[in-house]
Amino acid sequence: MPLLDSLLEPVSAPDFPFTPVETSRLGQVDFDALGFGRVFADHMFSMDYRDGDWRDARIHPYGPLDLEPGTVTLHYGQTVFDGFKAFQGEDGQVRVFRPDRNAQRLHDSCRRLCIPIMPLEQMREILFAATRALIRVDRDWIPRAPGQSLYVRPLVIATENTLEVRAADAYRFMIMTAPVGGYFGDLQDGVSLRVEERYTRAASIGGLGAAKTAANYAASLLPGAESRARGFEQVLWLDGNEHRYVEEVGAMNIFFRIDGRVVTPPLGGSILPGVVRDSVLTLLREWGVPVEERRLEISEVIDALRAGDLEEVFGAGTAAVICPVARIGYLDATHSIAPPVPGELTRRLYDELTGIQCGRIEDRHGWNLVVPLD
Ligand code: COI
């Protein structure tokens, strides 16, 4: 069966051994105050790697893990994750946005973290089948309000109990889902970024930057806290060699509209290959907006700002969707992006993308996978 079709197949009680919750927690959830990733749906998927094989795929109640204190992932960070979203459309259909891209990235992240990879096709099939099954068993957890979705978080951790520094011989692949609102709240507000001059998110060459792995996020915590203490919400990372070229924002890729052209850093192994980044580039090119994927010095951004040529700045990510940037802090100065924030293109991209995801706008690219519920 073609892989994408496999998501369309109806699932009779999940394709996997299924242990249902005794009592659902759904009634305790305030869907008006979801935040991002604070509550998790009733069920999750797990699968284990041992004796050289991935096995025991199952769906069971979401709950704590039983891990030894010596577990490899806790000490040496051998862990990868990913994230994509399912949307409840006004037409009642549930659509999952571009999970094939996430399967590919999860596969690539596993390879970089020396986690035994299953063939890409098998990874896709399992990810799709498990997502479809979770959506079906927890369909009532998919929020319906605009801006809300069911976030799907695959996670792979090394579970061997040893302090030896080497790739583990046992792993668990899990998928949990969480009803979420916007990561940065209201689109109107715009986020503030502080350009990080001291710390580095990822090495420029040969590092972990393109993998979705815990270390990249751990590296961001101290600079993130320092940024917040100085009144900025997020860090704008520069390259690890010279701290000269713009990289990304950690929770999203970054775009600058300068004098009518949209510029974004290229994928060179140090930034995350974002699925929404790719979707934005596709849409902009279709709309005839000049797009440049190229190295961009932070001084070019500040010069454009001072010259009045920096028309819009926005981030793009699964959690962040399309997120306008309102202020950039660099050295000791804070620069405001010229109003309106969000700018015209930022808003158009947000409307187009969320319209496609919810089924309001025709999905010309075949990005959505519809999950039949019955
Ligand atoms: C995502 O956009 O899916 C992310 O993983 C970003 C983040 C919340 C860590």
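Where residues in region 85-107 are within 15 Å of the ligand (Cβ to nearest atom) and in a helix (DSSP H, G or I), which of them is surrounded by the most Cβ atoms within 10 Å (Cβ to Cβ)? Full working, then the answer.
Keep residues of region 85-107 that are within 15 Å of the ligand (Cβ to nearest atom), which gives 85-87, 96-99, 101-106.
Going one step further and asking which of them are in a helix (DSSP H, G or I), we end up with 99, 101-106.
On the way: Pro99: 26, Arg101: 19, Asn102: 24, Ala103: 24, Gln104: 17, Arg105: 22, Leu106: 28.
Out of the qualifying residues, it is Leu106.
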Open item on the list: I'd like to know if region 205-215 contains one or more residues that are surrounded by fewer than 17 Cβ atoms within 10 Å (Cβ to Cβ) and in contact (Cβ under 8 Å) with a residue 24 or more places away in the chain.
Closed with: yes
TODO: Could you pull out every one of the strands (runs of 3 or more DSSP E) wholly within region 229-315 that has 3 or more residues that are farther than 20 Å from Tyr199 by Cα, among the aliphatic types (A, V, I, L, M) and in contact with a strand residue (DSSP E or B) (Cβ under 8 Å, 6 or more places away or on another chain)?
DONE: none
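I'd like to check something: does region 160-173 contain any residue that is within 15 Å of the ligand (Cβ to nearest atom) and touching a residue at least 12 places away in the same chain (Cβ under 8 Å)?
To start, the set of residues in region 160-173 that are within 15 Å of the ligand (Cβ to nearest atom) comprises none.
No, that holds for no residue.
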TODO: Output the number of residues of region 113-156 satisfying the condition of being within 16 Å of the ligand (Cβ to nearest atom) and either open to solvent by 10 Å² or more (accessible area, probe 1.4 Å) or not in a strand (DSSP E or B) (or both).
DONE: 8
Task: Members of region 250-263 that are open to solvent by less than 10 Å² (accessible area, probe 1.4 Å) and either more than 16 Å from the ligand (Cβ to nearest atom) or under 17 Å from His335 (Cα atoms) (or both) - done: Ile254, Phe255, Phe256, Val262, Val263
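Return the residue satisfying two criteria in turn: it lies in region 324-350 and is part of a helix (DSSP H, G or I) and touching an Asp or Glu at 6+ places or on another chain (Cβ under 7 Å), and of such residues it is surrounded by the fewest Cβ atoms within 10 Å (Cβ to Cβ).
Step one: of region 324-350, the residues part of a helix (DSSP H, G or I) are 344-350.
Applying the additional criterion that residues be touching an Asp or Glu at 6+ places or on another chain (Cβ under 7 Å) yields 345-346.
On the way: Leu345: 21, Thr346: 25.
Here the answer is Leu345.
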Task: Matching residues, region 8-33, being surrounded by 15 or more Cβ atoms within 10 Å (Cβ to Cβ), part of a loop (DSSP other than H, G, I, E, B) and modelled with pLDDT of 95 or more - done: Val21, Ser24, Val29
TODO: Return the total of residues in region 351-366 being open to solvent by less than 60 Å² (accessible area, probe 1.4 Å) and farther than 13 Å from Asp91 by Cα.
DONE: 6
Task: Candidates Glu226, Glu242, Glu297, filtered to the one that is of a type in the set (D, E, K, R) and either touching a residue at least 40 places away in the same chain (Cβ under 8 Å) or closer than 30 Å to Ala103 by Cβ (or both) - done: Glu297
Task: Tally, over region 49-84, of residues that are open to solvent by less than 30 Å² (accessible area, probe 1.4 Å) and closer than 27 Å to Pro273 by Cα - done: 10
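The values are calculated or read from the model by the stated rules, or taken from the named source; none is laboratory data. Note that the structure is a prediction, hence the values are computed from the model and not measured. Using ideal geometry, Cβ is built from the backbone for each residue, glycine included, and neighbour counts are taken over all protein chains shown. What goes into the accessible areas is simple: the full protein's heavy atoms, side chains included, and nothing from ligands, DNA or RNA. Shrake-Rupley method; radii C 1.70, N 1.55, O 1.52, S 1.80 Å.
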